[in-house]
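Participant: I'd like to ask you about the structure that follows.
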């Protein structure tokens, strides 16, 4: 099953937040009370995640659920004038 664009974005935002916190998939799984493989499959798009689940993940990561659904701002290159 191919992951939707929204779930790709959510997965990337979760991974980015995990990196910010210095957490692994196993750390997130432990906080959620799940096995690491369940979290890994969700992040790879092998298992779909409900909005309720994403909201629970957001709570564990200490962010508003909207942060996980948000599009990331693109960085513009600046040139010397």
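Participant: Checking the a/c ratio against 1.5 first, then a/b against b/c, what shape does the Cα gyration tensor give for segment 5-66? Write out the running numbers ahead of the final one.
Facilitator: Values: a/c = 1.28, a/b = 1.07, b/c = 1.19.
Cα axes put segment 5-66 in the rounded bin.
Participant: Over the chain, what is the relative contact order in percent, taking alpha-carbon pairs closer than 8 angstrom and at least six residues apart?
Facilitator: For the chain, the relative contact order is 36 percent.
Participant: Sticking with this structure for a sec: I need 64, 52 ordered by Cβ neighbour count within 10 Å, fewest first. Write out the running numbers ahead of the final one.
Facilitator: Values: 64 12, 52 9.
So the residues, fewest neighbours to most, are 52, 64.
Computed from the coordinates by the stated procedures, all read-outs in this text should not be read as laboratory data. Computed from a predicted structure; not experimentally measured. Neighbour counts are summed over all protein chains in view; Cβ atoms, including those assigned to glycine, are modelled from backbone coordinates with ideal geometry.
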